[in-house]
Amino acid sequence: MALIDCPECGKQVSTAATTCPSCGFPVASQVAQPQAVPDKLLAEVRPSWWRFFWYLVFSWLILPLIIAWCRRRSVVLRIYPGRITLERGLLSKSYRELIIRDIRSVEIDQSLLARVIGIGDLTISTAARVDADEEIEGIPNPKAVRDLILAQRQGQ
């Protein structure tokens, strides 16, 4: 239990009290209860199947298909309202959390073929660390992902 000042008379009142014992002012309505903000997932992005085109062409060998599936499943970019999480790895995991306000730039690299099929490499630079560049390869519709990240940064 914490003590707060009564807005009416200024005396110390417990936060558990419904009214001030001195003046009767209803302090329970003045005490703000902390609200749990649910973490709303805005986007979950995995590399496009186009990134693994040559694996798929030779999928009749079955091994390239398994490799392409494993490599695609090993990278997940999740965008939340105040942060971005990057999860890498299939058996051993690496988690990186980027705070939206720390992001300096979001860059997109696309070759001619990547532009035609709509994929690209996304590089997120942050001010929080020295080795702050995170590159995610083969992102489908990278401009929409970049715009979503920048919109979250504008909302901060």
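Here, each number is a calculation from the coordinates, and none is a lab measurement. These figures come from a predicted structure and were not determined experimentally. Counting neighbours? That spans all protein chains shown, and the Cβs are built from the backbone with ideal geometry, glycine included.
Set the Förster distance to 22 Å, then compute FRET efficiency between L65 and E44 from the Cβ-Cβ distance, nearest 0.05.
Numbers: r = 23 Å, r/R0 = 1.04.
Computed FRET efficiency for L65 and E44 comes out at 0.45.
Compute the distance in nm between two label points, each set 7 Å from the Cα along the Cα-to-Cβ direction, one at K93 and one at L3.
Label-label distance for K93 and L3, simple model: 4.6 nm.
Would you work out if region 58-123 is rounded, prolate or oblate? Take a ≥ b ≥ c from the square roots of the eigenvalues of the alpha-carbon gyration tensor; rounded if a/c is under 1.5, else prolate when a/b is larger than b/c, oblate otherwise.
Because a/c hits 1.5 or more and a/b fails to exceed b/c, region 58-123 counts as oblate.
Mind checking which aspartates and glutamates have their Cα closer than 15 Å to the Cα of K143? Skip sequence neighbours fewer than 8 apart in that chain.
E44, E107, D109, D121, E135
In whole angstrom, how far apart do the alpha carbon centroids of region 82-156 and region 4-19 sit?
With region 82-156 and region 4-19 each reduced to a Cα centre, they are spaced 48 Å.
Counting only other residues whose beta carbon sits under 11 Å from that of R71, what net charge do I get with K and R as +1, D and E as -1?
So the surrounding residues net to +4.
With contacts defined as alpha carbon pairs under 8 Å and 6 or more residues apart, what's the relative contact order of the chain in percent?
With pairs under 8 Å counted, the relative contact order is 16 percent.
Of the trypsin sites (Lys or Arg not before Pro) in region 54-156, which ones lie in a loop per DSSP and count no more than 12 other C-beta atoms within 10 Å?
Values: sites: R71, R72, R73, R78, R83, R88, K93, R96, R101, R104, R115, R129, K143, R146, R153; in loops: K93, R129.
Sparse-neighbourhood loop trypsin sites (Lys or Arg not before Pro): K93, R129.
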